[in-house]
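Have a look at the structure below before the remarks.
Values in this text are rule-based calculations from the coordinates and carry no lab data. Remember, predicted model here, so these are calculated numbers, not experimental data. Every residue, glycine among them, receives a Cβ derived from its backbone with ideal geometry; neighbour counts consider all protein chains shown.
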């Protein structure tokens, strides 16, 4: 019995030590995660290598073992020659002799949520880029809230102000607020069947006032300021409120047109600022874009003369942030399905 008691005491001590170690490790890990949360994490990927790997795989399959060996020798010679030229340029004070193409992505939603990542990616690029470099933005957005896309366009303007050439490639859609972003670029490339344009402003809101009256439900709303609230969801809307909202829409549309005119002065705004959208080939005829093509075409051509660097900003998100992002995506899916939204002033 004395042996069992001693053995039991030993196990209890061992278990206590193990639990204490686990708690300490957990606390350290949790502290490290909290410290990392919110800190910018910029990741760079050299896309040239991906294309080279693809090319090697195809060459290996088509040439056979001997042909593949010969091709690999040729590639090694090219790499050595490139390194030699880079070192020579560096000694001459000319940099690495090969300009860079920085690639960033913007997948837009109603709130232009991707702006937060893009602003950090642009800041990272501006710390090191020169006028010989270039930025390619792969843009996909059907537009959304005016202030969200206004900020996104302002972030792209930082590149132009910094003297860095900006190209925007639209593979699917850059409409409304998405086109507002695109027109900041030095050059816009669009796929032939992409959706371009929709230079207009929208406000939609349901009104449940009659339903509430039918069920004897009163709605009270107090405001200070004549136009603090114009159209309302539950109250009774007036002609004066509708007129004020229309005035705000027209004013925002005018700002939208002026913004585009300042960056694409040759556009016939009376023709294209009607809220309509066009496919890429027609958009080229109207002057909304500068060339037809895809982002893949552009990268394949540029890889011969430039280093292609994909720039990505990542941040560890908390559980509430991940849940919020999920609901945002669900809301955007609903908007795309119904082409409707309750928030005013969408572009």
Counting other beta carbons within 10 Å of each Cβ, put 313, 102, 234 in order, fewest first.
-> 234, 313, 102
Pair residue 107, residue 123: separation of 7 Å Cα→Cβ label points (nm) = 2.3
State the three equivalent ellipsoid semi-axes of the range 131-176, derived from the C-alpha gyration tensor as the square roots of 5 times its eigenvalues, in descending order and whole Å.
-> 21, 15, 5
Using a Förster distance of 41 Å, how high is the FRET efficiency between residue 161 and residue 231, based on the Cβ-Cβ distance and rounded to 0.05?
-> 0.65
In units of 2.2 N^0.38 Å, the Cα radius of gyration of the range 130-251 is 1.51
Apply the Kirkwood formula to the range 170-231: the hydrodynamic radius equals the inverse of the mean of 1/r over all pairs of different alpha-carbon atoms; give it in Å with one decimal.
-> 15.8
With a Cα-only, solvent-free Debye model of the range 218-309, what are the log10 I(q)/I(0) values at q = 0.10, 0.11, 0.20 Å⁻¹?
-> -0.55, -0.61, -1.01
FRET E, pair residue 239, residue 154, Förster distance 35 Å, beta-carbon r, rounded to 0.05 = 0.45
Checking rank on 112-123, 197-208, 264-275, with mean other Cβ inside 10 Å and highest first, the result is 112-123, 197-208, 264-275
Relative exposure of 308, 233, judged by other C-beta atoms within 10 Å (fewest first) = 233, 308
Rounded to the nearest 0.05, what FRET efficiency do residue 76 and residue 131 have when you use their Cβ-Cβ distance and R0 = 41 Å?
-> 0.80
Residues 149, 179, 298 in order from fewest to most other beta-carbon atoms within 10 Å are 298, 149, 179
